[in-house]
Amino acid sequence: MKNLTDKPTAGLHGELTVPGDKSISHRGIMFGAISRGRTTLHHFLTAEDCLSTLHAFQEMGVSIRRDGETVEIDGVGLNGLHEPTKPLDMGNSGTTTRLIMGLLAGQRFETTLFGDDSLSQRPMRRVSDPLALMGANICVTEGHLPARIHGQKLHGIEYQLKVASAQVKSAMILAAIQAEGPSILVEKQPTRNHTERMLNAFGASIETLDDNVTIKVAPQPELTGIDLTIPSDMSSAAFFLVAATLVPHSRITLKNVGMNETRTGLLSILKRMGGKVTATNERDDGEPTADLTVMSADLKPIEIGAEEIPAVIDELPLVVLLAAKANGVSRITGAGELRVKETDRISAVVHEFSKLGIAIRELPDGFVIDGSKPWHVETTKLSSHGDHRIGMTLAVASLLVDEPLRLADPDAVNISYPTFFEDLRSVSSVKNYS
């Protein structure tokens with residue numbers, strides 16, 4: 001159990017650079033590995049999930065050196081990976097697993113993937129089934145890990161994706177660049193586009209049409225290593241955007257935050273709710289970034305439907321927390337994808353928020369939250385449910401109650417943000433943080 005922060009009396013203040021973007025860190029390792037020449041990544045996220053990706057490619061014969069947040073990768077080319085001598089450990093990382101499935105489907109060797117107990121419950125047929133239509137041979141265990149991938153020749157495809165998932169889309173793109181013939185992929189809704197942006201920076205030819213959901217992928221590109229500074233992760237910055245919004249008398253500046261248009265859903269929601277966030281020092285070095293300054297604000301309730309969910313999927317527990325302090329009833333629907341994350345995030349959020357006396361009701365695909373009702377802490381013992389984003393959301397919630405709270409399984413935050421508790425302490429006026 002970890003003691004969480006007490007309620008700050010003077011608000012949250014200061015400047016902070018949160019860790020590198022998780023999605024981009026994963027992809028930087030993968031795309032650097034299958035390029036020719038050296039790729040150097042700066043501000044790499046040294047969290048457990050991204051290290052799972054790094055170690056997997058080392059096991060497949062790629063020379064990768066890490067010095068703190070700087071990573072150098074000597075790429076082996078699109079067909080230069082070697083068969084690993086043992087099954088590849090995916091840890092807790094769904095991104096590693098699903099993207100590697102697409103990449104290894106077109107290689108010339110056999111691989112087995114396995115993961116921890118949580119990852120082994122997450123659905124994998126959403127990747128293996130569409131890849132099979134391209135000629136992939138992937139055996140998943142009752143729809144889950146372990147998975148055995150028999151790499152072989154793939155062919156291009158025209159395919160409408162069944163779920164709005166950047167991971168599924170990215171797996172298919174990684175298969176498509178190895179295929180014989182071009183591919184056309186059509187999304188249900190636009191999802192985060194780091195794969196398309198980054199692969200093009202490495203030399204691929206991937207075109208997104210004006211409808212923002214149709215993607216054309218040319219096969220067999222010549223990929224070349226690049227030098228890449230990874231922006232700060234919007235999904236990590238989100239915890240401080242929400243904390244400073246909700247804790248009275250707060251003002252925080254977050255430096256060099258990634259502002260990719262597929263990742264700024266939380267900023268749009270905050271604006272509609274009455275939040276106070278300003279962007280300065282805006283620039284674009286392959287991925288748009290800005291410094292974000294956030295101040296405390298009174299909030300209005302909100303209605304969020306399925307069309308908004310992909311751009312805010314990782315931040316939804318925080319959106320629920322915002323709604324729990326808004327003056328009225330908020331409703332979030334179309335978020336059934338939350339049930340197949342590291343834990344069932346709909347169930348976990350309702351269970352833990354109810355401990356704080358928050359007026360919240362569970363829907364099959366979302367929540368109804370009445371933020372006008374006062375909170376009444378029923379128990380001070382909270383649980384992360386082994387989920388990094390649940391744990392960090394509850395740490396932010398602890399800033400809003402008078403009672404000292406404790407968190408079970410706090411180490412789950414290491415999946416994406418190992419220094420989270422230290423960074424939260426650095427912007428808090430409270431000194432007795434342990």
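The values are calculated or read from the model by the stated rules, or taken from the named source; none is laboratory data. Source: prediction; values computed, not measured. FYI the Cβ positions are ideal-geometry reconstructions off the backbone, even for glycines, and counts take in every protein chain you see. Note: accessible area is taken over every heavy atom of the protein model, side chains too, but ligands, DNA and RNA are not part of it. Shrake-Rupley method; radii C 1.70, N 1.55, O 1.52, S 1.80 Å.
Below is a table of values for the structure above.
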{"read-out": "Segment 22-213 shape via C-alpha gyration tensor axes, a/c threshold 1.5", "value": "rounded"}
{"read-out": "Gain upon complete extension [THR333, MET1; 0.36 nm per residue less C-alpha separation]", "value": "116.3 nm"}
{"read-out": "Computed label-point distance, nm, for sites ASP67 and ASP298 using a 7 Å Cα→Cβ extension", "value": "5.4 nm"}
{"read-out": "Solvent-accessible area of THR95 with every protein chain in place, 1.4 Å probe, in Å² to the nearest 10", "value": "20 Å²"}
{"read-out": "Rounded to the nearest 20 debye, dipole of the chain from Cβ charges on Lys, Arg, Asp, Glu", "value": "480 debye"}
{"read-out": "DSSP beta bridges in the chain [antiparallel fraction, %, rounded to 5]", "value": "75 percent"}
{"read-out": "Shape call, segment 7-122: gyration tensor on alpha carbons, a/c limit 1.5", "value": "oblate"}
{"read-out": "Rounded to the nearest 20 debye, dipole of segment 277-434 from Cβ charges on Lys, Arg, Asp, Glu", "value": "680 debye"}
{"read-out": "Sequence ranges 65-72, 344-351, ranked by mean other-Cβ count within 10 angstrom, highest first", "value": "344-351, 65-72"}
{"read-out": "Cα-based shape type of segment 181-225, given that a ≥ b ≥ c are square roots of the gyration tensor eigenvalues and the cut on a/c is 1.5", "value": "oblate"}
{"read-out": "DSSP-loop GluC sites (Glu not before Pro) across segment 258-327, with at most 12 other Cβ within 10 angstrom", "value": "GLU261"}
{"read-out": "Modelled FRET efficiency - R0 60 Å, THR112 with THR278, Cβ distances, 0.05 increments", "value": "0.75"}
{"read-out": "Relative contact order [Cα under 8 Å, 6+ residues apart], the chain, whole percent", "value": "19 percent"}
{"read-out": "Ordering of 82-88, 195-201 by packing [mean C-beta count within 10 Å, highest first]", "value": "195-201, 82-88"}
{"read-out": "Among 316-327, 102-113, the order from most to least packed when residues are scored by Cβ within 10 Å on average", "value": "316-327, 102-113"}
{"read-out": "Spacing of the two label points (7 Å from each Cα toward its C-beta) at ALA218 and SER120, in nm", "value": "4.4 nm"}
{"read-out": "Stretchable slack from HIS150 to GLU83, in nm (0.36 nm times residue separation minus alpha-carbon distance)", "value": "23.0 nm"}
{"read-out": "Share of carbon and sulfur in the accessible heavy-atom surface of segment 22-213 [1.4 Å probe, %]", "value": "45 percent"}
{"read-out": "Rounded tilt (10° steps) of 94-104 against the dominant C-alpha axis of the chain", "value": "10 degrees"}
{"read-out": "Estimated translational D of the chain in µm²/s (Stokes, Kirkwood radius over Cα pairs; 37 °C; 0.692 mPa s)", "value": "149 µm²/s"}
{"read-out": "Dipole-positive endmost among HIS26, THR195, TYR159 within segment 22-213 (Cβ charges, Cα centre)", "value": "TYR159"}
{"read-out": "Positive-end residue of THR280, GLN178, ILE138, charge dipole of the chain with Cβ unit charges", "value": "THR280"}
{"read-out": "Rough spin-label spacing in nm, given labels placed 7 Å along Cα→Cβ, for HIS376 and GLU15", "value": "4.6 nm"}
{"read-out": "Most to least accessible of PHE353, PHE114 (protein chains only, probe 1.4 Å)", "value": "PHE114, PHE353"}
{"read-out": "Solvent-accessible heavy-atom area per residue, rounded to whole Å², over segment 74-189 at 1.4 Å", "value": "38 Å²"}
{"read-out": "Net charge dipole size for segment 253-340 [Lys, Arg +1 and Asp, Glu -1 on Cβ; Debye, nearest 20]", "value": "460 debye"}
{"read-out": "Cα-based helix-to-principal-axis angle, 48-59 vs the chain, degrees rounded to 10", "value": "10 degrees"}
{"read-out": "Listed residue (SER232, GLY80, SER118) projecting farthest to the positive dipole end of the chain, Cβ model", "value": "SER118"}
{"read-out": "Gap separating the Cα centres of segment 217-252 and segment 2-30, nearest whole Å", "value": "11 Å"}
{"read-out": "With Cα atoms, 0 to 90° folded angle of helix 166-176 axis to the chain main axis", "value": "10 degrees"}
{"read-out": "Per DSSP, loop GluC sites (Glu not before Pro) in segment 137-180 with at most 14 further Cβ within 10 Å", "value": "GLU142"}
{"read-out": "DSSP beta bridge pairing in segment 22-213, given as percent antiparallel to the nearest 5", "value": "75 percent"}
{"read-out": "Residue-averaged 222 nm ellipticity for the chain, from DSSP H runs of 4+ at -39500 (n - 2.57), nearest 500", "value": "-8000 deg cm²/dmol"}
